Amino acid sequence: MHKSSAWPLALLYAALIVFASLYPFAGWRDQELVWWAVFTQPLPPQYWTGFDVGSNIAGYLPLGFLLGLGMVRSGWPRGAVLLALGVGSALSLGMEVLQLYLPRRVPSNLDWLLNSAGAALGGALAWLLHWAGGVQRWTDFRQRWLGQGDAGGIALLLLWPWALLFPAAIPLGLGQVLPHLEAGLARWLQGSAFSAWLPLRSAPEQALTPLGYLFCVAVGALIPCLLMNLLVKSSVKRAVAAPFFITIGVGVTALSCALGYGPNNAWAWLSRPAALGLVVGLGLAVLLAVLPWRWSAVVALLGLALQLSLLNQAPQSAYFAQTLQLWEQGRFVQFYGLGQWLGWLWPYALLVYVAARLTRRSEPL
């Protein structure tokens with residue numbers, strides 16, 4: 001049996017499916033329908049398109065693949081398709097039943113069948129990959145680079161590019177949640193006796209200085225490299241991996257900017273402070289590759305804490321806020337802002353992970 005990052009990734013993907021299936025979580029009411037009404041609808045339904053068929057299969061295929069991959073990596077390849085089909089079908093059925101209580105959503109037995117088929121197909125692909133030797137080659141590659149590795153750390157590392165896909169006010173600057181929390185609390189507490197308790201920003205017009213901007217970009221580029229330091233023992237491999245991850249971050253940021261502002265503006269974010277921040281981040285990543293993993297963890301905690309403090313005190317431009325509204329309305333990302341939540345929560349999940357690693361007594365020095 002092996003520790004596999006497929007399990008935490010499958011759990012996260014299942015949570016994203018639940019979010020997407022029940023969004024916007026409003027208007028719940030009993031429509032006086034029994035739960036098995038999902039099965040009694042005619043097949044095929046009156047209104048359906050080829051896009052609906054493809055999207056329902058594609059939506060559950062990654063879940064089935066991750067579940068099947070987890071079974072293969074755990075030493076039970078024969079159960080890959082069965083687990084993927086069982087979990088995917090049960091999850092889809094649960095979502096369709098819950099949608100009976102959401103007037104804005106339309107449950108369908110065809111959706112359930114297609115979701116189940118997508119999950120089973122994903123499990124079959126994982127088994128085929130195992131049969132073709134692909135899983136073993138990945139295992140050998142992971143063993144060479146990460147040794148026994150750590151499933152949680154690898155999952156965080158794999159999720160980092162996806163977290164960058166949603167637009168950020170500062171390139172590679174994840175975790176800017178305070179302005180949104182303040183706005184949400186203000187709406188919830190409006191008119192109540194607790195509204196006066198909300199903190200007010202004394203100088204919201206003050207933006208980050210170019211040096212602060214450079215620092216935030218540098219830390220954003222350095223953090224995945226420090227996470228790699230916690231997973232890889234070889235200093236040479238760490239130094240080789242650093243430019244690879246920073247290049248991925250630059251590419252995903254350009255893609256995000258192209259989606260938000262148009263292809264002609266894909267590199268508009270690459271200002272002089274941002275470019276210098278990337279260079280500084282890369283230089284620090286190569287220099288810190290020789291550090292013991294505990295020192296890398298300490299640097300990651302300090303850097304993240306300072307970066308999050310600066311990011312959450314910085315204001316957002318009106319143009320950036322308008323872009324966020326377009327993304328949140330599903331114009332570019334159909335999962336209704338799931339990428340936004342990932343971008344918000346990823347650095348805090350990393351803080352928890354690094355702190356947990358530091359407190360493990362069984363960890364080698």
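A few comments on the model shown:
- Pairs where the first residue, in segment 129-156, is under 14 Å from Met228 (Cβ atoms) and in a helix (DSSP H, G or I) and the second is at pLDDT below 80 and polar (S, T, N, Q), C-beta under 6 Å, 6+ apart: Ile154/Ser5; Ala155/Ser5
- Applying the condition of being at pLDDT below 90 and in a helix (DSSP H, G or I) to segment 73-82 and asking which residue is nearest to Leu16 (Cα to Cα) yields Arg73.
- Filter result for Ala84 (closer than 28 Å to Thr139 by Cα and either in the same structural domain as Trp138 (by TED's automatic domain parsing) or surrounded by 24 or more Cβ atoms within 10 Å (Cβ to Cβ) (or both)): yes
- Gln313 vs. criteria buried (at least 19 other Cβ atoms within 10 Å of the Cβ) and modelled with pLDDT of 65 or more: no
- Scanning segment 186-234 for residues that are hydroxyl-bearing (Ser, Thr, Tyr), at pLDDT below 90 and closer than 28 Å to Ala275 by Cβ yields a single hit, Thr209.
- Yes/no for Pro263 being surrounded by 18 or more Cβ atoms within 10 Å (Cβ to Cβ) and farther than 27 Å from Val354 by Cα: no
The values are calculated or read from the model by the stated rules, or taken from the named source; none is laboratory data. It should be emphasised that the depicted structure is a prediction, and the values quoted were computed from it without experimental measurement. As a convention, Cβ positions derive from the backbone with ideal geometry for all residues, glycine included, and neighbour counts pool all protein chains shown.
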